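Peer 1: If you scroll down you'll find the structure; I have some questions about it.
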Amino acid sequence: MLDTLPRPAGRLQAIACAGAVGGAEMAPRPLHPAQVATAVARYQAYQALREFRARLYGCLTARPDASFELCDAILCADHAVTSLAELSLAPEFRRGHGALYDALAAGRIDEEKLAALLTGTLPGLVDGDEGQAWVAEHDRIDDGLLDRALAGLPAGAAAAVREACARWRRLRFAIDATPYPRPDAECSPGRGHVHHDACRCDGTRKTIPGWEYQFTAAVGHLRTAWAALVDVERTTPATRTCQTARQVRNLLRRLGVAGTGGPSPLVILDAGYSAAALTAALAGCPVHLLIRLAAGSVFYADPVTWPGKRGRPGKHGIPVTCAGDRGQANPEPDESLTLPGTPRYGTVRVDAWRQVHPLIHGDRGWFAGWDGDLPVLRGTVLRVTVEYLPGGRTRPKPMWLWHAGPAPLSPDELWRAYLARFDEEHAFRFAKGHLGLTAARVRTPEQADRWVRLVMAAAGQLLLARPLAADLRRPWERQPDPARPLPPGRVRRGFPNIRPRLGTPARVAKPTRPGPGRPKGSASGPAPRYPIPKKTDNKDETATAPDG
């Protein structure tokens, strides 16, 4: 009878039975595809940022450890950068304050290698996921249908049509200069009169003694506060056109080396740059130029000829005057675009005059001493008029733009692209107000060059860290729009939480003793003074004549 009773199951048998009964409930649930995609994207973003930091460290050829940690201190400081000495107190800078100044005085940066790194990495990231999604909704061109439609056209005409249709795949770059004020640094060489609202000279010419830096920044299609600073040069008097043309050529070369194929990029410049000189200097280059014109500029259509016409052939036809008055008499435009009810500007009208050329003088400016016949530079003049400005500001005068490039572009693309140029202004404001672009009170311009490039490298890391940053907003700050990326200030606020997972290629500082210092009784004498050049009587020009 005892044999017929059930025996108590052992421990292993009980566990096996329990696993057989509840195995379906205890098995891990499969991850959602969206969670997997998000985790993979974050991992790739971390890897891209680690690779960028490693390559950045390779661009620092002298004093690399102190320079790299100085860049990290810019990113992780819990305040706006206003002093170099305060940066030496940041935990990310593991050296003394003397090493910080030594990094700027004796450090070296491979400028070409750094510019190639920034150009090859950052332009495609400016739009971000939000901008790419917005572009995907608006890019409605069927490439297969376009190829079949252009099969019977000549190669040149087909290439021009493809270039005009590549609007959403075209990279945009803005070039502009910003001052580095050094009004009281009498021992700093190379200073000149640079444009600045805080005038220190007189009340009529808004200039201040200091240096000036001209930046090339990649801007996106979605209007944000982000712009990727990819190149910089310190300007010198009377060489603005040559420097700008050199920066554009370097940009094209670096994009080609990085393998960034596709349509020709669009370079946008504000008023103050010579449209005729830059068009002639970059003739034959695969680049589109969009330059704002000064009021009073005059362009001419081709002269009208007919068989049997006697006399000397004409060079200029009907003039097109860039006047501020909307009622100025001009010929009928070749193309007009009207956009009613835009959110920020009301009714927008864009008129285009195709195949016009400026009047060039061979005895002045950039064309002085031109070898051979003066070129005929054909392009498009656009007039943009809006109904009102945001914020109830006064209705502006018409804005005139000049476009020249390998193919004509639509007026809608051009006027919207010029508005994207203001994203570079936001980048300047953030770099100066938060990253301390002009906060370093260094003596020589070479030290300022190194500091400016370190700030550019820090801004590039913020762009790469944008998908990794959390929204650490203050209680009084508004919640950001989920359809738009986080602004640079909030990404910088969360960078100290990202950096520990990245690591640092910089080596740990070695313990040392203070140096002996200056020998007792020695004196180096007063530092040499460098007076700035005086202004001329012309209120809008410096002592050196402009280059065109």
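The values are calculated or read from the model by the stated rules, or taken from the named source; none is laboratory data. These figures come from a predicted structure and were not determined experimentally. No Cβ is skipped: glycine too gets one built from the backbone with ideal geometry, and neighbour counts run over all protein chains shown. To get the accessible areas, we keep the full protein, side chains included, count just its heavy atoms, and leave off ligands, DNA and RNA. Shrake-Rupley method; radii C 1.70, N 1.55, O 1.52, S 1.80 Å.
Peer 1: Kindly provide the set of residues from segment 139-166 that are open to solvent by less than 50 Å² (accessible area, probe 1.4 Å), farther than 16 Å from GLY262 by Cα and either in contact with a strand residue (DSSP E or B) (Cβ under 6 Å, 6 or more places away or on another chain) or part of a loop (DSSP other than H, G, I, E, B) (or both), ordered by number.
Peer 2: Once the filter is applied, which keeps residues that are open to solvent by less than 50 Å² (accessible area, probe 1.4 Å), farther than 16 Å from GLY262 by Cα and either in contact with a strand residue (DSSP E or B) (Cβ under 6 Å, 6 or more places away or on another chain) or part of a loop (DSSP other than H, G, I, E, B) (or both), segment 139-166 yields only LEU150.
Peer 1: Among the residues of segment 237-255 satisfying the criterion of being open to solvent by 60 Å² or more (accessible area, probe 1.4 Å) and in a helix (DSSP H, G or I), which is farthest from PRO189 (Cα to Cα)?
Peer 2: ARG253
Peer 1: Which ones in segment 218-236 are assigned to a loop (DSSP other than H, G, I, E, B) and closer than 14 Å to GLY124 by Cβ?
Peer 2: GLY220, HIS221, LEU222, TRP226, ALA227
Peer 1: Somewhere in segment 171-185, is a residue assigned to a helix (DSSP H, G or I) and under 25 Å from VAL267 (Cβ atoms)?
Peer 2: no
Peer 1: Answer yes or no: is there a residue in segment 207-217 that is closer than 30 Å to ILE532 by Cα, aliphatic (A, V, I, L, M), out of contact with any Cys (no Cβ under 7 Å at 6 or more places or on another chain) and open to solvent by less than 10 Å² (accessible area, probe 1.4 Å). It would help to see each step written out before you state the result.
Peer 2: Of all residues in segment 207-217, those closer than 30 Å to ILE532 by Cα come to 207-217.
Then drop every residue that is not aliphatic (A, V, I, L, M), which leaves 208, 217.
Keeping just the survivors that are out of contact with any Cys (no Cβ under 7 Å at 6 or more places or on another chain) gives 217.
Next, only the ones that are open to solvent by less than 10 Å² (accessible area, probe 1.4 Å) stay: 217.
Scanning segment 207-217 turns up at least one residue that is closer than 30 Å to ILE532 by Cα, aliphatic (A, V, I, L, M), out of contact with any Cys (no Cβ under 7 Å at 6 or more places or on another chain) and open to solvent by less than 10 Å² (accessible area, probe 1.4 Å).
Peer 1: Just one of ARG490, ARG499 is farther than 28 Å from TYR101 by Cα and part of a helix (DSSP H, G or I); which is it?
Peer 2: ARG490
Peer 1: One residue is enough: does segment 59-66 have a residue meeting the conditions buried (at least 19 other Cβ atoms within 10 Å of the Cβ) and on the phi > 0 side of the Ramachandran plot?
Peer 2: yes
Peer 1: Considering only residues that are within 20 Å of SER336 (Cα to Cα) and not charged (D, E, K, R), which ones fall in segment 385-404? Write out each step before concluding.
Peer 2: Residues of segment 385-404 that are within 20 Å of SER336 (Cα to Cα), as a first pass: 385-388, 396-404.
THR385, VAL386, TYR388, PRO396, PRO398, MET399, TRP400, LEU401, TRP402, HIS403, ALA404, listed by residue number.
Peer 1: Of the residues LEU282, LEU266, which single one is in contact with a strand residue (DSSP E or B) (Cβ under 7 Å, 6 or more places away or on another chain), within 19 Å of ARG421 (Cα to Cα) and among the hydrophobic types (A, V, I, L, M, F, W, C)?
Peer 2: LEU266
Peer 1: In addition: Looking at LEU454, LEU437, can you tell me which residue is closer than 21 Å to ARG55 by Cβ and crowded, with 20+ Cβ neighbours inside 10 Å?
Peer 2: Sole residue among the options that is closer than 21 Å to ARG55 by Cβ and crowded, with 20+ Cβ neighbours inside 10 Å: LEU454.
Peer 1: Further, regarding this structure: Go through PRO445, PRO411 for me and flag whichever is closer than 24 Å to GLY284 by Cα, modelled with pLDDT of 90 or more and surrounded by 15 or more Cβ atoms within 10 Å (Cβ to Cβ).
Peer 2: From the options PRO445, PRO411, the qualifying one is PRO411.
Peer 1: Among the listed residues GLY107, GLY128, which satisfies the condition of being under 30 Å from ARG484 (Cα atoms), surrounded by 18 or more Cβ atoms within 10 Å (Cβ to Cβ) and not aromatic (Phe, Trp, Tyr)?
Peer 2: GLY128
Peer 1: Which of the numbered conditions does LEU84 fail, given that it passes all the others? Conditions: (1) in contact with a strand residue (DSSP E or B) (Cβ under 8 Å, 6 or more places away or on another chain); (2) open to solvent by less than 50 Å² (accessible area, probe 1.4 Å); (3) in contact (Cβ under 8 Å) with a residue 60 or more places away in the chain.
Peer 2: Going through the list (1) in contact with a strand residue (DSSP E or B) (Cβ under 8 Å, 6 or more places away or on another chain); (2) open to solvent by less than 50 Å² (accessible area, probe 1.4 Å); (3) in contact (Cβ under 8 Å) with a residue 60 or more places away in the chain, LEU84 breaks only (1).
Peer 1: Answer yes or no as to whether ALA280 is assigned to a loop (DSSP other than H, G, I, E, B) and either open to solvent by less than 60 Å² (accessible area, probe 1.4 Å) or in contact (Cβ under 8 Å) with a residue 60 or more places away in the chain (or both).
Peer 2: no
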